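Visitor: Could you have a look at this structure, given as C-alpha cells, before my questions?
Since every read-out is calculated from the coordinates, none of them should be taken as a lab result. Please read these numbers as outputs of a predicted model, since none were measured by experiment. Glycine also receives a Cβ, built like all others from the backbone with ideal geometry; neighbour counts cover every protein chain displayed.
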C-alpha cells in the first residue's frame, strides 16, 4: 500500500489499481470508472492528494483558491486546499447555492445543464485552480472556467483524477491547461 515517501510512479500505480470499471453503466456502451475504492482507502486517497499537491506546488505556486466541481470535486478540493493553505470554493448545479449567484448554461451529450457560483466566492484577479474527479467531454469544466472568467478570476488550470482521453475533453478545455492523474 502507499506510504509517505513513496515515489510518484508507485502512488500512481496504487491509484490506478483502485479505480474500478463497470461496463454498461449508467447506460449500455458506457464504461464507468468508479473512484469509490480510492476514497475508501485513506492511503490511496492520500496518494491522490499528494499527486495533486505536488502538481500545484510545482506549476501554480501562487494559487489562491481551489474551485471544486459539484459533486466529486468536493471530495478532493477541500483536502487539497487545506494542504496548500488556501480557500475552497464550490461550483454547483443550478439552484443549489443560496444568495446571489452567477450561472452558465452548457451543452451535454444528452441535453443542457447549468452550473453556478456565488457572486462573492471569487474576487477579480484571484488565481484559481479547478478540480473534479473525471474529465470526459469537458463540458462541465469548460462551463466552470467560463463562470470564473465572468467573475474575472484568473484560471490557472484544471485538474482531474481521471481523464477519458478518447473523448477529447482536454482539447475542449484549451487554452486552460489540464493535469490528470490517470488516463484511460
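Visitor: Give the shape of the range 67-184 as rounded, prolate or oblate, defined through the alpha-carbon gyration tensor: a ≥ b ≥ c are the square roots of its eigenvalues, a/c under 1.5 means rounded, and otherwise the shape is prolate if a/b is larger than b/c and oblate if not.
Guide: oblate
Visitor: As a check on your grasp of the helix formula, calculate [θ] at 222 nm for the chain: sum -39500 (n - 2.57) over DSSP H runs of n ≥ 4, divide by the residue count, round to the nearest 500.
Guide: Theoretical 222 nm ellipticity from helices: -10000 deg cm²/dmol.
Visitor: Determine the gain in length on full extension of the stretch residue 25-residue 49; use 0.36 nm per residue of separation and subtract their C-alpha separation, reporting nm with one decimal.
Guide: 6.0 nm
Visitor: Taking every DSSP beta bridge with both residues inside the range 35-121, roughly what % is antiparallel (nearest 5)?
Guide: Antiparallel bridges: around 65 percent, rounded to the nearest 5.
Visitor: Something else about it: State the Cα centre-to-centre distance between the range 139-177 and the range 35-110 in whole Å.
Guide: 13
Visitor: May I pose another question? Roughly what would the spin-label model give for residue 9 and residue 71, points 7 Å off Cα along C-beta, in nm?
Guide: Using points 7 Å along Cα→Cβ, the separation is 3.8 nm.
Visitor: Looking at the square roots a ≥ b ≥ c of the eigenvalues of the Cα gyration tensor of the range 36-97, which shape do they give, rounded for a/c under 1.5, prolate if a/b is larger than b/c, or oblate?
Guide: oblate
Visitor: Once you have a ≥ b ≥ c as the square roots of the Cα gyration tensor eigenvalues for the range 11-135, tell me rounded if a/c is under 1.5, and otherwise prolate or oblate according to whether a/b is larger than b/c.
Guide: Judged from the Cα gyration tensor, the range 11-135 comes out oblate (a/c at least 1.5, b/c at or above a/b).
Visitor: Zone of residue 183 (label point 7 Å along Cα→Cβ, backbone N under 12 Å): which residues in the range 32-66?
Guide: Backbone N within reach: none found.
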